[in-house]
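All remarks here apply to the structure that follows.
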Amino acid sequence: MLGHIFKMLWNRKSKNALITIEVAISFIVVFALAAISIRYTWLYHQPLGYQYEDIWWIRIDNPEEWNQEKDRPTIQQMVTALEQLPEVDSVHVISLPVFTFWSWKTNYKVDDKELFFNKNRMDDRSAQAMGMTISEGRWFGNQDAGQSYTAVVVNQLFADEFYPGESIIGKNVASTEQQEQPAKEMRVVGVIKDFKQFGELSEPVPYLIERFDLAQDSGKGNERLHLKLNQKVTPEFEAKIISLLRNINPQWDYFARSLEQSRHSQLMETIIPIAIFAVIAFFLIIMVGMGLLGVLWQNVSRRTQEIGLRRALGATASMIHRQVIGELAVICSLGITIALLLLIQLPLLGVLPELNWTLFTTAAIVSVFFMLLLSFVCAYYPGKVATTYTPAMALHYE
């Protein structure tokens, strides 16, 4: 049967070549959609490492150049005023709020180790307010104030990737590259399990958090405040806190938003392009399916004599049905093979770092199954029609 199918396909190779190319292109589209869907599903189910419910963040924009001595007391006054609101449980400082695409990436050498990680700054109350889980060591505390070192906390991925098989607590992760003066020690005091700053659909990355002390530290790291609420609030709460801050300093600009709103916006920014691509892919597959169905139906109609002769020679209706389905399955398999030979270059050459072998294999299996199922669906009814052809119909064409 299989040898006969290959012989029949070879005799119509010019027509089948176009179908094969169409299948190959469709497979690439299905593979891309499957890989994206599988990857984001996997990322979504990985833990964030923090809680975002009932937390608001405030951005404070100073149109003038930051003056540490003048502006830091104003920020402290704002923190005190916010803490006195009945809806607010606590206020903590964070340089880069979560669920935003603001990033602080750093890379340098530490004792011949090349470190690549994302960075942030938080104060002593951030871990408790955001529900972070400490897997080793501790979070920042008063014991780190006024020390000769900068206390830092890293996530477990940072520890596993750069210091595998050893405890990272107490290590100095400051740069040891040649500098005019020695870098201040960055002493690891704790390890948190996870921290995905950019949300559920982001890739876990090595992460380092520096201690921030509003009373001592310089710079603009205190421009974002997190409010941990003790109750549900209405949308009017935003206007309330903006009004409070403007009463303290009307020259500055303020923006307030809940982390739940930021999360929803970020998810939509990622999901909407994927959804648009999925809709385009869906209609493409529908068109391909209709094309396969039409071409196969036309082929079956033109092969009445051949099919009637096979029936006269003793072929059963089920054998004819299997032949029609098998022919399209072989064409689809050839198109899938061509597409896979092209797609396998991506992980081999490392063109897309996100496309590892596990993701490639899973997406390939899903895509192969889908395309073979599509070929079966498209060939089923034309195959059924072919089973109705009789030897008398073949003689009629003579």
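The values are calculated or read from the model by the stated rules, or taken from the named source; none is laboratory data. Keep in mind that what you see is a predicted model, and the values were worked out from it rather than measured. Backbone-built Cβ (ideal geometry, glycine too); neighbour counts: all protein chains shown.
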- Query: Which one is farthest from A174 (Cα to Cα), of the residues in region 89-108 that are in contact with a Phe, Trp or Tyr (Cβ under 9 Å, 6 or more places away or on another chain) and of a type in the set (A, V, I, L, M)?
  - Reply: V98
- Item | Scope region 116-134; condition surrounded by fewer than 19 Cβ atoms within 10 Å (Cβ to Cβ), touching a residue at least 40 places away in the same chain (Cβ under 8 Å) and not small (G, A, S); matching residues | F116, K119, T133, I134
- Task: With the checklist (1) of a type outside the set (D, E, K, R); (2) closer than 30 Å to W104 by Cβ; (3) outside any strand (DSSP E or B) in hand, flag the one item N247 doesn't pass.
- Result: (2)
- Query: Is it fair to say E69 is in contact with a helix residue (DSSP H, G or I) (Cβ under 7 Å, 6 or more places away or on another chain), modelled with pLDDT under 90 and of a type outside the set (G, A, S)?
  - Reply: no
- Message: Residue under question is P273, and the condition is that it be over 17 Å from E83 (Cα atoms), at pLDDT 90 or above and outside the structural domain of T100 (by TED's automatic domain parsing); does it hold?
- Response: yes
- Task: Determine, yes or no, whether G137 is at positive phi, surrounded by 15 or more Cβ atoms within 10 Å (Cβ to Cβ) and of a type outside the set (K, R).
- Result: yes
- Task: Please work out which residue is surrounded by the most Cβ atoms within 10 Å (Cβ to Cβ), limiting yourself to region 64-111 and to residues that are more than 30 Å from E53 (Cα to Cα) and either touching a strand residue (DSSP E or B) at 6+ places or on another chain (Cβ under 7 Å) or of a type in the set (K, R) (or both).
- Result: Y108
- Specify which of the listed residues (W102, W139) is without any contact (Cβ under 8 Å) to a residue 60 or more places away in the chain, under 19 Å from L225 (Cβ atoms) and more than 23 Å from the chain's Cα centre (by Cα). W139
